[in-house]
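Novice: To start, I am sharing the structure in question, which I have written as structure tokens.
Where a number appears in this text, it was derived from the coordinates with a stated rule and is not lab data. The structure presented is a predicted model; accordingly, all values stated were derived computationally and were not measured. All Cβ positions, even for glycine, are placed from backbone atoms using ideal geometry, and neighbour counts span all protein chains on display.
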Amino acid sequence: MNYQVYAIEYATRPARASENFYGHHDPHEDYAMTMSYYIWLAVSKEHTVVIDVGFTEEVAQKRKRTFLRCPVNTLRKLDVDPEAVSNVVITHMHYDHVGNAHKFPQANFFVQESEMAFWTGKYASKGHFKSVVEVEDIVHLVRENFNGRLHFVDGTAEILPGISVYKTGGHSAGLQVVKIQSEGGSVILASDASHYYQNLEENRPFTGVYNLAEMYDAFDIVRSLADESSIIVPGHDPLVMQQFPAAKSGLEGIAVRVG
Ligand SMILES: [Zn+2]
């Protein structure tokens with residue numbers, strides 16, 4: 001079962017290295033490091049799977065992000081009807097990954113048990129944790145759970161032939177990465193296990209931390225999933241848009257095909 005895999009960019013934010021690397025304290029080595037925001041899409045003959053859903057324009061304004069375009073509309077340009085999508089993987093529940101879940105009324109959402117437990121538990125309202133989610137996004141997923149639409153994974157699972165998820169934790173309690181079989185080999189969507197190529201290449205965790213030790217382990221997990229033909233796609237690196245060809249004519253600078 002081979003999938004075509006796409007990365008869809010929908011927002012950006014100016015950032016600096018000191019904001020992107022945990023424990024980066026040297027002001028002389030600080031430099032601009034733009035953050036891009038993505039969702040991903042995997043399509044085979046039988047299945048369409050959306051991986052993360054991005055945030056809305058309203059949340060972009062509130063959080064002062066540069067909103068480029070609604071990622072759900074870009075799905076339509078890739079011939080995907082969001083209202084008919086039946087499989088959505090949620091890598092984790094931070095605001096930039098789950099804000100458009102309500103635009104997928106037919107979807108089953110695949111999420112790690114520990115991620116949902118965390119955001120409905122005692123630490124969700126605390127300082128840093130509270131700041132990286134939108135309450136309404138979490139509440140929506142709680143409702144979808146009662147609607148029977150949440151599919152819980154504890155660790156590793158093949159959710160469809162050719163698509164597996166692996167819990168890494170680290171950046172969030174139940175962060176999961178996704179491995180997808182594509183024509184040329186596997187595509188590993190690292191999501192926030194590696195925001196940038198540099199995090200993984202230099203073993204330098206991002207500043208947003210749930211468990212720092214697990215963030216180091218997550219680099220090893222991502223590497224262990226890859227072989228020579230694998231493509232590892234970081235979660236927030238603008239380079240992804242330059243590294244890969246446009247998804248199709250007309251989507252230059254909007255979506256790229258990564259596998
Ligand atoms: Zn995150």
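Novice: By its C-alpha gyration tensor, with a ≥ b ≥ c as the square roots of the eigenvalues, how is segment 64-126 shaped: rounded for a/c under 1.5, else prolate for a/b larger than b/c, else oblate?
Specialist: oblate
Novice: When the convex hull of the C-alpha atoms of segment 110-172 is computed, what volume per residue in Å³ does it have?
Specialist: Taking the convex hull of the Cα positions in segment 110-172, it is 91 Å³ per residue.
Novice: Nearest 0.05, what FRET efficiency do residue 143 and residue 228 give at R0 = 30 Å with Cβ-Cβ as r?
Specialist: 0.10
Novice: Would you look at the GNM of the chain, springs on alpha carbons closer than 10 Å, and say which of 101, 218, 226 moves the most?
Specialist: Of 101, 218, 226, the Gaussian network model singles out 226 as fluctuating most.
Novice: Relative to the present Cα-Cα distance, how much length would full extension add between residue 132 and residue 46 at 0.36 nm per residue of separation?
Specialist: So the extension gain works out to 27.5 nm.
Novice: So, counting K/R as plus one and D/E as minus one, what does the shell of residues with Cβ under 14 Å around residue 171 add up to?
Specialist: Residues near residue 171 contribute -4 overall.
Novice: Fully extended, how many nm does the chain gain between residue 117 and residue 57 (0.36 nm per residue separation, minus their Cα-Cα distance)?
Specialist: Gain on stretching residue 117 to residue 57: 18.8 nm.
Novice: Which of the residue pairs 64/130; 126/179; 77/167; 62/167 have a Cα-Cα distance greater than 26 Å in the structure shown?
Specialist: Flagged as over cut-off: 126/179; 77/167; 62/167.
Novice: Also, I was wondering about something else. With the Cα gyration tensor of segment 1-67 giving a ≥ b ≥ c as the square roots of its eigenvalues, does the rule (a/c under 1.5 for rounded; else a/b larger than b/c for prolate; else oblate) give rounded, prolate or oblate?
Specialist: oblate
Novice: Can I ask one more? Tell me the Kirkwood radius of segment 1-125: reciprocal of the mean inverse pair distance over distinct alpha-carbon atoms, in Å.
Specialist: 16.1 Å
Novice: Along Cα→Cβ, 7 Å out, is where each label goes; now give me the distance between the ones at residue 22 and residue 212 in nm to one decimal.
Specialist: Spacing of the two 7 Å Cα→Cβ label points: 0.7 nm.
Novice: Enter the Cα centre distance for the pair segment 70-104 and segment 222-258, rounded to the nearest angstrom.
Specialist: Spelled out, the Cα-based centre of one part sits 18 Å from the other.
Novice: As a test of the formula, what do you get for the chain when each DSSP H run with n ≥ 4 contributes -39,500 (n - 2.57) and the sum is divided by the residue count, at 222 nm and rounded to the nearest 500 deg cm²/dmol?
Specialist: It comes out at -6500 deg cm²/dmol, rounded to the nearest 500.
Novice: Moving on to the next point. Fully extended, how many nm does the chain gain between residue 124 and residue 252 (0.36 nm per residue separation, minus their Cα-Cα distance)?
Specialist: Between residue 124 and residue 252, full extension yields 42.2 nm more.
Novice: Another question about this same structure. Does segment 160-202 come out rounded, prolate or oblate by the C-alpha gyration tensor, with a ≥ b ≥ c the root eigenvalues, rounded set by a/c under 1.5 and, if not, prolate when a/b is larger than b/c and oblate if not?
Specialist: oblate
Novice: Using a cut-off of 11 Å between beta-carbons, work out the net charge of the residues near residue 255 (Lys and Arg +1, Asp and Glu -1, residue 255 not included).
Specialist: Net charge in that neighbourhood comes out at +2.
Novice: Here's a follow-up. log10 I(q)/I(0), Debye, Cα-only segment 4-257, no solvent, q = 0.10, 0.13, 0.16 Å⁻¹?
Specialist: The computed values of log10 I(q)/I(0) come out as -0.43, -0.77, -1.25.
Novice: Further question: Excluding residue 185 itself, calculate the net charge of residues whose Cβ lies under 12 Å from the Cβ of residue 185, where each Lys or Arg counts +1 and each Asp or Glu counts -1.
Specialist: Net local charge, residue 185 excluded: -2.
Novice: Moving on to the next point. Going highest first, how would you order 238-248, 34-44 by mean Cβ packing within 10 Å?
Specialist: 34-44, 238-248
Novice: Only Cα pairs within less than 10 Å get springs; with that Gaussian network setup on the chain, which residue of 52, 217, 30 has the largest fluctuation?
Specialist: 30
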